[in-house]
1. Would you mention how many residues in the range 7-65 are within 16 Å of Leu83 (Cα to Cα), among the charged types (D, E, K, R) and out of contact with any strand residue (DSSP E or B) (no Cβ under 7 Å at 6 or more places or on another chain)?
2. For Ala54, work out the one condition from (1) open to solvent by 20 Å² or more (accessible area, probe 1.4 Å); (2) within 21 Å of Leu7 (Cβ to Cβ) it doesn't fulfil.
3. Hey, among Val68, Val62, Val24, which residue is touching a Phe, Trp or Tyr at 6+ places or on another chain (Cβ under 6 Å) and either open to solvent by less than 40 Å² (accessible area, probe 1.4 Å) or acidic (Asp, Glu) (or both)?
4. Report every pair of residues separated by at least 6 positions or lying on different chains whose Cβ atoms are under 6 Å apart, first residue within the range 70-95 and part of a helix (DSSP H, G or I), second of a type in the set (Asp, Glu).
5. All but one of (1) of a type outside the set (Gly, Ala, Ser); (2) farther than 26 Å from Ala93 by Cβ; (3) in a loop (DSSP other than H, G, I, E, B) hold for Thr65; state the number of the condition that does not hold.
Amino acid sequence: MSHGKHLDPVQHLNDDHADDLLAVARAFGGIPDATSAQAESVDSYGIDLVLATARGPAAARVGFTEPVGDADPAGLQAAFTELTHSARLALAAESNESNTP
C-alpha cells in the first residue's frame with residue numbers, strides 16, 4: 001500500500017472540504033437543516049453523506065453532473081468542485097429569495 005500524496009478521497013473530503021460537503025448536503029441532499037456533513041463513500045456517480053441535524057443523524061446521496069472514472073482523482077476533484085460551485089450558487093439564490101420582501 002503506497003502512502004503517496006493521494007489521500008483516500010473520502011478522508012480528503014472530510015479533512016479538507018467539510019464546509020463544501022455541508023453546502024452540497026444543504027443544496028442537493030434534501031437536508032437543508034444539516035449542521036455538519038461527512039463523506040461516507042465516493043464513487044464515479046456521486047457522494048454518500050452522513051449528516052448531523054437538530055432532528056438527529058441523516059443520510060443523503062448527491063450525484064455528480066456526469067459520471068467520473070473511479071481511478072481518476074483529477075476527475076473526481078473536478079466533479080466535486082463543480083458540485084460545490086453549483087451548491088453555493090443555489091444556496092446564495094435561495095438566501096436572496098428569502099430576503100426579498
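1. The number of residues fulfilling the criteria is 5.
2. All conditions pass for Ala54, except number (2).
3. Val62
4. Pairs found: Thr84/Asp20.
5. Of the numbered conditions (1) of a type outside the set (Gly, Ala, Ser); (2) farther than 26 Å from Ala93 by Cβ; (3) in a loop (DSSP other than H, G, I, E, B), the odd one out for Thr65 is (2).
The values are calculated or read from the model by the stated rules, or taken from the named source; none is laboratory data. The structure displayed is predicted, hence computed values, not measured ones. Note that each Cβ is placed from the backbone with ideal geometry, even for glycine, and that neighbours are counted across all protein chains shown. These area figures cover heavy atoms from the full protein model, side chains too; ligands, DNA and RNA do not enter into them. Shrake-Rupley method; radii C 1.70, N 1.55, O 1.52, S 1.80 Å.
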